[in-house]
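Notes for the one structure printed next.
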Amino acid sequence: MSEKPLQIAVIAGDGVGKEVIPAGVTLLERVARDATFSCEFVNFPWGCEFYLQTQRMMDEDWLDQIRNFDAIYMGAIGAPTVPDHISAQELILPIRQRLVQYVNLRPMRLLPGITSPLGKRSTRDIDMVCVRENSEGEYCGVGGRVHVGTTNELAEQTSIFTRQGIERIARYAFELAQKRPRKLLASATKSNALQHSMVLWDEVISKVSTEYPDVKLQKYHVDALAARMITSPQTLDVMVTSNLFGDILTDIGSAISGSLGVGPSGNINPEKDFPSMFEPIHGSAPDIAGKDLANPIGAIWAGAMMLEHLGQPEASRRLVEAIESVLGNGTVLTPDLGGTATTTGMTAAILEALE
């Protein structure tokens with residue numbers, strides 16, 4: 001057993017986040033028992049309930065509280081009682097930006113035992129990963145509204161693209177593509193309509209590509225790439241996208257993989273100057289919150305990604321293989337996958353597979 005446990009900050013958040021993150025913690029603790037490390041989890045009550053009590057999504061000194069953790073494990077943020085722009089702009093985006101988590105990494109894979117809505121697709125046909133720029137672009141928060149409530153009301157939302165930001169996300173994507181068997185990288189653009197931001201994007205991606213001659217780069221307009229994900233997913237491997245484009249495309253990727261409930265993500269600070277954050281891509285699903293119906297796989301898989309990032313690849317592999325074993329058996333499926341299993345039941349099945 002290693003001397004110092006991995007320190008994990010837990011933000012279960014809202015809705016089903018409070019169900020799937022405890023499931024993930026249980027499995028992370030179990031897989032660690034067979035390995036040479038341990039985890040210590042510290043819970044933070046931040047989210048929409050916290051906001052309703054304090055008018056803040058997080059404590060004012062949130063950065064000082066979590067900056068020295070090894071990683072952050074987050075559930076879902078959002079509730080009908082709090083406007084979406086508040087929950088995102090005052091919790092999710094500040095964490096990603098202040099902790100320099102400039103890579104949003106989202107695998108999109110058809111797991112064994114799951115039927116894709118595309119029909120007659122095998123696990124080999126849908127195996128993609130999106131490298132999404134996570135710190136600037138369309139979600140940088142620049143803009144405002146004037147003449148509010150009048151007929152002359154105006155809203156401006158400005159996208160910010162920097163050469164440095166594009167270069168670093170491009171290099172991460174090329175290096176990931178270089179490690180995968182097919183060595184394919186698709187760049188999502190819209191330079192035919194966005195003549196400043198996306199033209200710069202194309203130019204920088206193209207320049208960085210010269211450093212990786214063994215990786216085949218293909219440029220797609222984002223709408224064409226979305227269509228290709230539906231019609232020919234087997235032709236795609238690694239994608240590099242802006243903040244907004246990646247957000248949309250990865251929901252398509254998870255949908256064609258069977259359910260948004262299985263999709264994990266990592267908000268990565270590659271240099272490890274700050275903790276990275278791992279979460280399922282699904283929302284808080286208030287309609288099923290508290291009913292033990294949420295699919296915990298996205299959260300559990302996100303936990304496996306966290307272990308890999310923290311230097312525990314064998315434990316990560318075991319956790320993913322346990323998920324695949326349960327799904328491949330086909331007898332334990334949550335409602336989003338066409339079954340009747342509960343959150344608790346799915347967690348117990350994966351725990352048994354680990355045993």
message: Here are the criteria: (1) outside any strand (DSSP E or B); (2) free of Cβ contacts under 8 Å to residues at least 24 places away in the same chain; (3) of a type in the set (A, V, I, L, M); (4) closer than 26 Å to Glu279 by Cβ. Tell me which single one Ile169 does not satisfy.
response: (2)
query: Which one of these does Gly339 not meet: (1) surrounded by fewer than 22 Cβ atoms within 10 Å (Cβ to Cβ); (2) not in a loop (DSSP other than H, G, I, E, B)?
result: (2)
query: For the stretch 169-227, how many residues meet the condition of being exposed (fewer than 13 other Cβ atoms within 10 Å of the Cβ) and closer than 21 Å to Pro270 by Cα?
result: 2
- prompt: Tell me, which strands (runs of 3 or more DSSP E) lie completely within the stretch 1-93 with 1 or more residues that are closer than 24 Å to Arg318 by Cβ, free of Cβ contacts under 8 Å to residues at least 60 places away in the same chain and out of contact with any Gly (no Cβ under 9 Å at 6 or more places or on another chain)?
  reply: 39-43
query: Which condition does Asp292 not pass, out of (1) crowded, with 20+ Cβ neighbours inside 10 Å; (2) modelled with pLDDT of 95 or more, if it passes all the others?
result: (1)
- prompt: How many residues does the stretch 146-166 hold that are out of contact with any Gly (no Cβ under 9 Å at 6 or more places or on another chain) and either assigned to a loop (DSSP other than H, G, I, E, B) or at pLDDT below 95 (or both)?
  reply: 8
task: Only residues that are of a type in the set (D, E, K, R) and either in contact with a Ser or Thr (Cβ under 9 Å, 6 or more places away or on another chain) or not in a loop (DSSP other than H, G, I, E, B) (or both): list them for the stretch 191-217, please.
output: Asp202, Glu203, Lys207, Lys216
message: If I filter the stretch 94-112 for residues that are out of contact with any helix residue (DSSP H, G or I) (no Cβ under 8 Å at 6 or more places or on another chain), touching a residue at least 40 places away in the same chain (Cβ under 8 Å) and more than 30 Å from Asp273 (Cα to Cα), do I get at least one hit?
response: no
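The values are calculated or read from the model by the stated rules, or taken from the named source; none is laboratory data. Values in this document were obtained by computation on a predicted structure and should not be read as measured data. Cβ atoms come from the backbone with ideal geometry, glycine included; neighbour counts cover every protein chain shown.
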